[in-house]
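The values are calculated or read from the model by the stated rules, or taken from the named source; none is laboratory data. In this text the structure is predicted, and so the values were computed from the model without any measurement. As a convention, Cβ positions derive from the backbone with ideal geometry for all residues, glycine included, and neighbour counts pool all protein chains shown. SASA here: full protein model, heavy atoms, side chains in, ligands and nucleic acids out. Shrake-Rupley method; radii C 1.70, N 1.55, O 1.52, S 1.80 Å.
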Amino acid sequence: METERIHYDNKIVKYFAYATIFWGIIGMVVGLLIALQLAHPFFNFKTAFLTFGRIRPIHTNAIIFAFVGNAIFTGVYHSMQRLLKTRMYSNFLSYFHFWGWQIIIVLAAITLALGFTLSKEYAELEWPIDILIAIVWLVFGFNMFGTIAQRRVQHLYVAIWFYIASWVTVTVLHVFNSIEIPISLLKSYPVYAGLQDALVQWWYGHNAVAFFLTTPYLGLMYYYLPKQANRPIYSYRMGIIHFWALVFIYIWTGPHHLLYQSVPNWAQTLGTVFSVMLIAPSWGGMINGLLTLRGAWDKVREDPVLKFMVVAVTAYGMSTFEGPMMSTKLVNAITHFTDWTIGHVHIGGMAWNGFLTFSMLYYLIPRLFNTKLYSVKWANTHFWLGTLGILFYAIPMYWAAITQSLMWKEFTEEGFLRYPNFMETVVQILPMYYTRVLGGVLYLTGAVLFVVNMVKTIKQGSFVADEVVNVPILESYPSRRMEGERRHSWLERRPLQFTFWVILAVVIASVISTVPFMSVKSNVASIESLKPYSPLELQGRDIYIREGCYTCHSQMVRPFRSETERYGDYAKAGEFVYDHPFQWGSKRTGPDLLRAGVPGGKLYKTAAWHYNHFLDPQKMNEQSIMPAYPWLITNTLDTTSTAAKIKVMKWLGVPYPDGFEKVANQELMAQASQIATELNDNGIDITPDKEIIAMIAYLHKLGRDIALPAASEKSEKDIIPAPELLTDEASLVEGKNLFATNCAACHGPQGQGNAVGPNLTDNYWIHGGSNDDIFKSISQGFPEKGMPAQNTMLKPSELQKIYSFVVSIIGTNPPNAKAPQGELFNR
Amino acid sequence: MKLIQYALGEFAANGIYQAIALVIFMVVFIAILIYAFTLKKSFVDQMANAPLDDFRSLENSKTEQP
């Protein structure tokens with residue numbers, strides 16, 4: 001048989017592998033630092049660029065884009081050449097890609113430490129870096145497709161499919177989530193606001209996990225697992241199904257990050273349904289991986305590389321089971337905003353991504369250096385240290401999550417919160433935070449051992465920079481460019497077709513799951529009393545963003561009694577329309593701040609209190625784990641940016657009066673003087689031009705405009721006539737179903753009442769029993785008593801059906817009915 | 001535009017939207033199943049073995065001393 005020589009480029013693989021190891025260690029060390037900070041605030045060192053709010057995004061970005069990113073490129077550049085039997089398309093593009101990516105990482109670390117951030121999780125980087133990312137990513141794509149075009153095999157192995165899909169989707173996600181309007185070289189506002197911003201962000205955020213942390217790694221799994229086990233994948237057909245089902249379903253699931261939050265119900269349902277469906281293909285993939293090793297388990301026992309792989313693949317299965325569970329409303333109500341989320345991502349990050357990366361490098365480095373692994377024993381030790389590290393990390397997180405969540409939700413018999421002071425729930429989980437540090441130390445120790453092992457391996461081998469292989473010449477080279485052939489026929493049709501289908505799947509799903517939000521604007525009840533941020537408040541908000549307060553504080557009170565009792569009125573979609581970007585947050589290490597500015601509200605604190613709290617939180621609350629922000633008191637507020645900010649906001653549709661940007665700074669100073677005077681009156685020596693003044697102004701703005709009194713006064717007087725009572729079977733059945741999803745949690749499945757809400761089937765009413773009264777109770781709710789208003793969540797047609805159903809069950813007398821409350825009404 | 005927005009809102013509320021989403025998904029999924037199971041066995045075997053034949057021969061490769 002005729003053969004042909006191919007030169008594989010190993011040098012680029014080596015570069016990316018080194019970068020993976022280097023950034024991996026850095027990312028883990030930073031992770032350890034923030035774990036320490038949460039255990040004890042001392043580790044914030046009272047230094048701006050070392051505080052938790054700024055360091056946490058560095059950790060997440062370093063792990064996702066630096067460690068995992070470089071690992072993906074290592075695997076792609078190595079496996080693609082071998083699977084396609086060709087060298088990478090262009091040396092220049094390869095190295096451009098490599099150095100471009102490393103520069104981005106360095107810039108990211110610097111800008112984040114300095115507080116330049118968009119505050120959108122995993123998309124924090126400011127616009128110039130976003131553009132750089134787009135360029136480097138396109139170069140990578142060009143190099144990849146070029147390589148595919150000059151391949152010497154006819155068909156693409158499924159791993160390559162995963163690479164292509166990842167590239168395509170990440171491109172789409174990055175572009176659409178990063179549409180932002182620059183204000184200056186390093187500051188911009190996203191075009192989306194509030195609800196829309198949240199939905200786009202989590203459409204991105206979720207799929208960044210899917211198409212950066214999952215699909216490329218599945219590609220690696222489909223290549224390196226068979227390689228190391230030296231046997232083909234268990235079922236190639238299953239691989240095909242796994243691929244298409246994942247690519248198609250993943251995109252739909254974003255709204256599961258926003259359950260019970262101010263997004264339309266149907267979007268939440270869509271998120272839940274598709275998340276649950278995701279279990280099937282994910283488990284198919286896991287089983288496919290594990291069954292590849294059937295009959296070879298004796299090998300697994302001896303070979304640390306396979307051990308790492310088995311744990312990684314199993315963790316993939318665990319995470320993809322846990323994720324969908326957390327996407328159901330039942331579980332989500334408990335796990336969201338808690339350390340459960342953190343536990344979940346670390347099973348994914350440490351076990352799936354981390355272990356698969358280690359196994360890939362254990363496989364790859366000795367081969368690149370034409371030698372054997374220096375010490376199999378060390379690798380085994382690494383495996384056990386890593387596994388223990390994961391357990392010591394994850395178990396305390398789940399424990400902390402359940403403990404804290406239950407404490408947040410616990411009521412006394414008299415109906416008060418049992419732990420009204422947020423700090424009580426923090427103190428309780430501090431031991432868990434210390435244990436987590438131990439988990440991190442174990443994992444990192446393992447990783448250091450891995451590095452030493454790699455260095456020794458590299459020392460004893462000799463690097464094969466240019467690997468030459470002889471492959472049999474195919475009868476027909478369908479894709480290679482022949483002498484004199486034209487370009488477009490050279491770009492072979494098949495991969496293009498394939499890419500087209502991938503794009504189609506991604507786009508359909510994206511459109512279906514995001515376009516209806518165009519309709520949201522008109523659905524959102526506009527809140528008339530809501531005013532745009534004053535210039536000072538806007539500046540304060542940008543400091544809040546700069547310091548990463550959202551990494552510990554949510555601004556999203558969900559419609560649970562436990563939350564409205566603790567924080568105040570629950571969040572309405574309409575109150576976020578001026579929020580570029582949104583600040584809902586995803587984790588409550590500290591209390592929710594949505595209602596921090598409601599005078600007389602549960603969270604309200606005076607300016608002087610805030611001043612002292614920022615200066616030294618531990619003085620106000622000995623065991624607080626909030627970092628101190630002394631520099632807010634010494635830094636002078638930069639007011640040169642005010643005009644530009646107002647201009648961009650106006651352009652984005654915030655209704656500032658014409659020419660406001662010119663007088664904005666006067667207004668800013670006036671408001672600042674007021675706050676400074678108040679502080680001075682309390683014996684605090686401060687001038688109005690300090691950053692802390694703006695921060696206090698912002699905190700006092702939160703929730704102020706839509707504070708309850710005005711709203712409830714109105715609702716007492718107004719009578720809203722009930723719509724026509726429906727009696728046909730179909731409407732009542734629909735009403736019943738709507739009741740089951742929206743009301744049963746608090747009123748029992750048959751309306752019999754439970755610990756939360758009253759019995760609706762008797763004829764005793766707290767708020768009146770006429771049809772009009774009942775309709776009003778349902779549509780406006782009693783937010784202060786724990787029943788959310790339904791007219792902000794349901795459509796009029798749905799309200800009418802629920803209302804008709806509720807009227808129809810009066811007098812049904814279901815079992816276990818709650819005792820009557822209120823007055824008897826004669827029907 | 002208003003009309004489209006209104007229609008989308010109503011669809012969403014009445015579950016038509018979810019129904020459409022589900023139908024699209026089912027169709028695609030069944031298409032994938034059919035595609036996967038009608039592939040020829042010989043082809044599937046050949047693809048499954050793709051990562052394994054490396055033709056690894058180092059004699060011509062350049063090596064560098066560390």
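Couple of notes before you dig in:
- Taking every residue in A:277-283 and counting other chain Cβ atoms within 10 Å of its Cβ, the average works out to 1.
- Cα-based radius of gyration of region A:716-824 once divided by 2.2 N^0.38 Å, which approximates compact folds: 0.97
- Highest mean packing first, where packing is the average number of other Cβ atoms within 10 Å per residue, the peptides A:191-199, A:646-654 line up as A:191-199, A:646-654.
- Amide H within-cut-off set for A:Glu4, under 5 Å, with H built and near neighbours excluded: A:Val471, A:Ile473
- Dipole magnitude of the protein assembly as shown, debye to nearest 20 (Cβ charges: Lys/Arg +1, Asp/Glu -1, about Cα centre): 2720 debye
- Relative to one another, the C-alpha centroids of region A:228-294 and region A:187-213 are positioned 20 Å apart.
- Solvent-accessible area of region A:554-616 (1.4 angstrom probe, protein heavy atoms only): carbon and sulfur portion equals 58 percent.
- When region A:535-711 is described by a simple charge dipole with +1 on each Lys and Arg Cβ and -1 on each Asp and Glu Cβ, the residue from A:Ser562, A:Ile684, A:Ile706 located farthest towards its positive end is A:Ser562.
- Dimensions in Å of region A:535-711 - Rg and Dmax from alpha carbons: 16.1, 48
- At an R0 of 51 angstrom, the distance between the Cβ atoms of A:Lys785 and A:Asp728 translates into a FRET efficiency of 0.95.
- Note that region A:238-340 carries a Kirkwood radius of 15.1 Å, evaluated over its alpha carbons pair by pair.
- Dipole check for region A:35-127: with +1 at the C-beta of Lys and Arg, -1 at the C-beta of Asp and Glu, and the Cα centre as origin, the magnitude is about 260 Debye.
- Take the Cα of A:Thr606, step 7 Å toward its Cβ, do the same at A:His155, and the gap between the two points is 7.7 nm.
- Cut-off under 5 Å, modelled amide H: who pairs with A:Met787 long-range: A:Phe782
- Here the protein assembly as shown yields Rg over Rh of 0.99, to two decimals, using C-alpha coordinates and the Kirkwood radius.
- Shielding by other protein chains, A:451-462, mean Cβ within 10 Å: 1
- Rg [Å, one decimal], Dmax [Å, integer] - region A:18-101, C-alpha atoms: 17.2, 55
- Take each residue in A:691-704, count the other chain C-beta atoms within 10 Å of its C-beta, and the mean is 0.
- Cα-centre dipole for region A:535-711 with unit charges at Cβ (Lys and Arg positive, Asp and Glu negative), debye to 20: 540 debye
- Inter-label distance for A:Val448 and A:Thr741, nm, one decimal - labels placed 7 Å from Cα along Cα-to-Cβ: 5.3 nm
- Farthest positive-ward along region A:535-711 dipole, Cα basis, beta-carbon charges - from A:Ile633, A:Ala697, A:Tyr544: A:Tyr544
- In terms of accessible area, using a 1.4 Å probe and ignoring ligands and nucleic acids, A:Met620, A:Met221 rank largest first as A:Met620, A:Met221.
- Helical content alone sets the calculated 222 nm signal of chain A at -19000 deg cm²/dmol, taking -39,500 (n - 2.57) per DSSP H segment of four or more residues and averaging over every residue.
- Across the options B:Met26, A:Leu125, A:Met221, the greatest Cα extent toward the positive end of the charge dipole of the protein assembly as shown (unit charges at beta carbon of Lys, Arg, Asp, Glu) belongs to A:Met221.
- Fully extended contour minus Cα-Cα distance, from A:Ala134 to A:Val376, at 0.36 nm per residue: 83.1 nm
- Across the accessible surface of region A:48-102, with the other protein chains kept in place and a 1.4 Å probe, carbon and sulfur atoms take up 78 percent.
- Whole-Hz ³J(HN,Hα) from phi, Karplus 6.51 cos²θ - 1.76 cosθ + 1.60, for region A:721-726, glycine and proline x: x, 6, x, 4, 7, 8
- FRET efficiency for B:Ala31 and A:Leu388, using Cβ-Cβ distance with R0 set to 51 Å, rounded to 0.05: 0.65
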